[in-house]
Amino acid sequence: MMRASLIELEAVIAVATFKSFRAAARELEMSPSALSHAVSALEQRLGVRLFHRTTRSVSLSAAGEHVVRRLQPALREVSSSLEEVHELRDTPSGTLRINTSKGAAQIEVLPMVLEMRRRHPDVRVELVTEDRFVDIVAEGFDAGVRLAEAVPQDMIAIPCGGDLSMAVVGAPSYFARRPAPKAPRDLLEHECIRRRMASGEVYRWELERRGREVAVDVRGALTLDNDDLALQAAVAGAGLAYVSERAAAADIEAGRLARVLAAWTPPFPGLRLFHPSNRLVRAALRAFIGIVRASTADRGRRGKAGRGRSA
């Protein structure tokens, strides 16, 4: 069986790419004579010329074109495999790309990313926020963070923070003019701040109590596409807003907002960090998963302690 070394194969591809032995040698950090010897040795064992050489030019022969056409994909695969193994080393490094929504980034993900940077300064983190759901594999992300219900079935999902709940909130100035709603149907009599989703659809407020689910197509003159703006508008007395309870917590505690219909907004499974199940997990992603798990477990312990004190 005819064997070829990796350096010989890389030399052939480099010469074919640069059409120059000298330029190929610089790219591979070899001397021109060593590179020329590697190519000549492979040609001798193959019994064919891979290149036509003159004092002024280098071009592929018919046999060389065939070899390069078959060889390039195989070498790319070898290079990719070696890079994956390199990324499995114990010390996290490189760039970690995470895709999530803006709300999830503000509520949960950014503090974990900052902790990742504190612990692993050699890791660069790129956090991309967008409301549309993306294919993290097709768009080159290492992981995504979304609500549990939105994670594809073929992904490995890890809890990222605790359960979440929504909240219907309004400013004291708004409730000075109108009575607080007692049931979902009462929302139809209120000025509500509507939310337009990334898909273009206007969100119907989803409420639930004791297994009974209700979706209300609320009315209102103001439609926004951003929860931060909805909170600002609600604080200003523009109407009722339906937002994450955690996002509204500071305004509720300060008295700028009051929560209503709390019995109709129970907790639900929250965010999940997810990544492909069929891909090697790089050291940087393993480190970030560890931070997510520890942060989520710590939040769970604090929640149990709080419930114990209030009991």
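Quick note: the coordinates plus some simple rules give every number you see, no bench work behind them. The model shown is predicted, which means the values in this text are computed figures rather than measured ones. Cβ coordinates were reconstructed from backbone atoms using ideal geometry, including for glycine residues, and neighbour counts include every protein chain displayed.
Brief remarks follow.
- Straightening the chain between LEU147 and HIS37 buys 33.8 nm, computed as 0.36 nm per residue apart minus the Cα-Cα spacing.
- Long-range HN-HN contacts of CYS160 with modeled amide H, under 5 Å: LEU271, ARG272, LEU273
- For the listed peptides 174-186, 233-245, 261-273, a ranking on the average number of other beta carbons within 10 Å per residue, highest first, reads 233-245, 261-273, 174-186.
- Sequence-distant residues sharing a close amide H with ALA180 (under 5 Å, placed H): none
- Reported label for calculated Cα Rg over 2.2 N^0.38 Å given (i) 1.03; (ii) 1.10; (iii) 1.51: (iii)
- Distant-in-sequence amide H partners of ARG124 (H built 1.01 Å from N, under 5 Å): GLY94, THR95, LEU96
- Using only side-chain charges placed at the Cβ, +1 for Lys and Arg and -1 for Asp and Glu, the dipole size of region 1-79 relative to its Cα centre rounds to 240 debye.
- Computed from phi, the 3J(HN,Hα) profile of region 184-197 under the Karplus parametrisation 6.51, -1.76, 1.60 (θ = phi - 60°) reads x, 4, 5, 4, 5, 9, 10, 7, 10, 8, 7, 10, 8, 7 Hz, with x in place of Gly and Pro.
- Loop sites in region 6-58: trypsin sites (Lys or Arg not before Pro), DSSP, at most 16 other Cβ within 10 Å: LYS19, ARG49, ARG56
- Applying the Karplus relation 6.51 cos²θ - 1.76 cosθ + 1.60 with θ = phi - 60° to region 130-146 yields 3J(HN,Hα) values of 7, 6, 5, 7, 10, 7, 5, 6, 5, 9, x, 9, 6, 7, x, 10, 9 Hz, where x marks Gly and Pro.
- In a DSSP loop and with at most 13 other Cβ atoms within 10 Å, the trypsin sites (Lys or Arg not before Pro) in region 209-243 are ARG210, ARG219.
- FRET efficiency, 1/(1 + (r/R0)^6) with R0 51 Å, evaluated for ARG286 and SER57 via beta carbons: 0.55
- Sites matching trypsin sites (Lys or Arg not before Pro) across region 98-138 that sit in DSSP coil, with at most 12 neighbouring C-beta atoms within 10 Å: ARG132
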